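First comes the structure, then the notes that go with it.
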Amino acid sequence: MEIQLAKQHGFCFGVKRAIQIAEEYKNSFTFGPLIHNNLEIQRLKNQFNVGLKENIEEFKSGDKLIIRTHGIEKENLDYLHQNNIKFIDATCPFVTKLQKTVKEMSRQNYDIVIFGDINHPEIKGVKSYSLKPATVVLNVEELQSKKFSNKIALVAQTTRKIEEFQKLATYLIKHYKEVRVFNTICNATFENQIAARELAKEADVMIIIGGKNSSNTKQLVNICQSECVSCYHIESEDELKKDWFANKKLCGITAGASTPDWIIQKVFNKIKKFNVK
Ligand code: F3S
């Protein structure tokens, strides 16, 4: 049996960068989980003594903090400055750009409309950079009940779908005089999805690696299932079963955006060791 990795899989640029920063900034704590992968968080703890604190008030002067990939709220950043807490910023540059856009456009007196999930840490952070109350919506229906001035700036959570974003832009342009649209969507997640679909079309068994509650991994599972009848979602090589591969010719492997390479490699090696003919 041949084993093939999807052309694009696993960590995106922002997560790779954050992990690298955490490895260099030893004996520190992240505020909230750096990424959604428990095994990787455990590895950072064991090898680099990078711990985890969930509340900003738990940090005291002298602590070293790493700001996670999704960024943090402006108030929390102020807390760090006021309490003299050393920190290094691992916010993905695409998220920083989004925060800056919101700040600048609100400064220019545009009403801020954010397409995203109000409970997601990235959006909580982005919203806090607006100098006036910002509106967060998930769809056009939610927009219809709101009233804005005639100057609107529209931005999106980095992982949203472009088609949905376009619908919001179209609605606003129809109803308001001046709408500035900033496409702040990041393509990394979609590149993994396109590559997974391509491979799933060819493969007769697909292994999808990632956290059982990671939403982008679940999306990959759905995509693979629509192209390939035998799909298995696993978190580590321990879950693999040899009989999944019986009589198969091509095994495809893909991984969610928070799955580290070392886990993917272990899965690959174990399937290879099964030595399915
Ligand atoms: Fe950044 Fe895009 Fe990843 S915004 S954290 S590179 S999904």
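The values are calculated or read from the model by the stated rules, or taken from the named source; none is laboratory data. All of these numbers come straight from a predicted model, not from anything done at the bench. Here the Cβ is made from the backbone with ideal geometry for all residues, glycine too, and neighbour counts use every protein chain on show. In case anyone asks, the SASA skips ligands and DNA or RNA and just uses the protein heavy atoms, side chains included. Shrake-Rupley method; radii C 1.70, N 1.55, O 1.52, S 1.80 Å.
Select from Ser145, Ile208, Asn119 the residue farthest towards the positive end of the dipole of the chain; place +1 on Cβ of Lys and Arg, -1 on Cβ of Asp and Glu, and compute about the Cα centre.
Ser145
For the chain, what is the accessible area per residue in Å², given a 1.4 Å probe and the full set of protein chains?
On the way: 14290 Å² over 277 residues.
Accessible area per residue: 52 Å².
Enter the per residue convex hull volume of segment 178-223, computed from alpha-carbon coordinates, in Å³ rounded to the nearest integer. Working shown, then result.
Working: hull volume 4.5 nm³, N = 46.
Cα-based convex hull of segment 178-223, divided per residue, equals 99 Å³.
Over the residues of the chain, compute the C-alpha Rg and express it relative to 2.2 N^0.38 Å. Let's see the in-between values first.
Working: Rg = 21.2 Å, N = 277, 2.2 N^0.38 = 18.6 Å.
Here the Cα radius of gyration is 1.14 times the empirical estimate.
Using unit Cβ charges (K, R positive; D, E negative) and no other charged atoms, how large, in debye to the nearest 20, is the dipole of the chain about its Cα centre? Please report the intermediate quantities before stating the final value.
On the way: 41 positive and 32 negative charges, 73 e Å.
Once rounded to the nearest 20, the dipole reads 360 debye.
Residues with amide H under 5 Å of Val136's amide H, sequence separation 5 or more or different chain, H placed in the peptide plane at 1.01 Å from N; which?
Correct list: Ile114.
Ignoring ligands, DNA and RNA, what percent of the accessible area of the chain is carbon or sulfur (1.4 Å)?
Working: 6830 of 14290 Å².
On the chain, the fraction of accessible area on carbon and sulfur atoms equals 48 percent.
Below 14 angstrom from the Cβ of Phe148, what's the summed charge of the other residues (Lys, Arg +1; Asp, Glu -1)?
On the way: positive: Lys132, Lys146, Lys147, Lys151, Lys174, Lys177, Arg180; negative: Asp111, Glu142, Glu178.
So the surrounding residues net to +4.
How high is the relative contact order of the chain, in percent, with contacts defined as C-alpha pairs under 8 Å that are six or more residues apart?
22 percent
To the nearest 20 Debye, how big is the dipole of segment 4-56 about its Cα centre, given +1 on the beta carbon of each Lys and Arg and -1 on that of each Asp and Glu?
Numbers: 7 positive and 4 negative charges, 22 e Å.
Computed charge dipole of segment 4-56: roughly 100 debye.
Quick one: in segment 156-262, what % of C-alpha pairs are over 18 Å apart?
Values: 3172 of 5671 pairs.
Summing the P(r) of segment 156-262 above 18 Å gives 56 percent of all pairs.
Between Glu23 and Lys212, with labels modelled 7 Å along Cα→Cβ, what's the label distance in nm to one decimal, could you check?
Each label point is offset 7 Å from its Cα along the Cβ direction, giving 2.9 nm.
In deg cm²/dmol, rounded to 500, what helix-only [θ] at 222 nm does the chain give when every DSSP H run of at least 4 residues adds -39500 (n - 2.57) and the total is split over its residues?
Details: 10 runs with 116 residues, N = 277.
Computed mean residue ellipticity for the chain: -13000 deg cm²/dmol.
In nm², what is the average projected area of the convex hull enclosing the Cα atoms of segment 1-155? Don't skip to the answer; put the middle values down first.
Working: hull surface 50.1 nm².
One quarter of the hull surface, i.e. the mean projection, equals 12.5 nm².
Under 5 Å between amide hydrogens, which residues at least 5 positions from Lys151 or on another chain qualify, with H placed 1.01 Å from N in the peptide plane?
Close amide H contacts, sequence-distant or interchain: Asp111.
Under 14 Å from a point placed 7 Å out from the Cα of Glu75 along the Cα-to-Cβ direction: which residues of segment 109-132 have their backbone N that close?
Counting only backbone N, you get 124-130.
Cut-off under 25 Å on the C-alpha distance; same-chain residues fewer than 8 positions from Lys45 excluded. Which lysines are left, in chain and number order?
Lys16, Lys26, Lys53, Lys60, Lys64, Lys86, Lys212, Lys266
Tell me, what is the percent relative contact order of segment 65-153, built from C-alpha pairs under 8 Å that lie six or more residues apart?
Values: 121 pairs, mean separation 28.8, N = 89.
Contact order relative to length: 32 percent.
For the chain, find the longest principal axis of its Cα atoms and tell me its angle to the long axis of helix 215-227, 0 to 90°, nearest 10.
Helix 215-227 and the main axis of the chain meet at about 50 degrees.
Determine which lysines satisfy two conditions relative to Lys151: a Cα distance under 26 Å, and not lying fewer than 8 residues away in the same chain.
Lys74, Lys97, Lys100, Lys103, Lys124, Lys127, Lys132, Lys161, Lys167, Lys174, Lys177
Any idea how far the Cα center of segment 6-28 sits from the one of segment 172-186, in Å?
32 Å
Using the Karplus equation 6.51 cos²θ - 1.76 cosθ + 1.60 (θ = phi - 60°), what ³J(HN,Hα) coupling, rounded to whole Hz, does each residue of segment 259-267 give in order, writing x for Gly and Pro?
Karplus values, whole Hz, x for Gly and Pro: 9, x, 4, 5, 6, 4, 4, 5, 5.
Take peptides 117-125, 144-152 and line them up by average Cβ neighbours within 10 Å, highest first, as a rough protection proxy.
Numbers: 117-125: 17.3, 144-152: 12.2.
With the highest mean Cβ count within 10 Å placed first, the list reads 117-125, 144-152.
Just want to confirm a number: the relative contact order over segment 35-189, from Cα pairs under 8 angstrom separated by 6+ residues, in percent.
On the way: 228 pairs, mean separation 29.5, N = 155.
So the answer I get is 19 percent.
Please report Rg (one decimal) and Dmax (integer) in Å for the Cα set of segment 35-114.
Computed over the Cα atoms of segment 35-114, radius of gyration and Dmax are 15.1, 48 Å.
Could you work out how far helix 188-202 tilts from the main Cα principal axis of the chain, as a 0 to 90 degree angle to the nearest 10?
The answer is roughly 30 degrees.
If packing is taken as the average count of other Cβ atoms within 10 Å, what order do 208-214, 42-48, 189-195, 78-84 fall into, highest mean first? Show your work: numbers first, answer last.
Numbers: 208-214: 20.3, 42-48: 14.1, 189-195: 18.3, 78-84: 12.1.
Packing order, densest peptide first, comes out as 208-214, 189-195, 42-48, 78-84.
So what are the ³J(HN,Hα) numbers for segment 206-213, from phi and the Karplus equation (6.51, -1.76, 1.60; θ = phi - 60°), rounded to whole Hz, Gly and Pro as x?
Rounded to whole hertz, the list is 10, 10, 10, 9, x, x, 5, 10.
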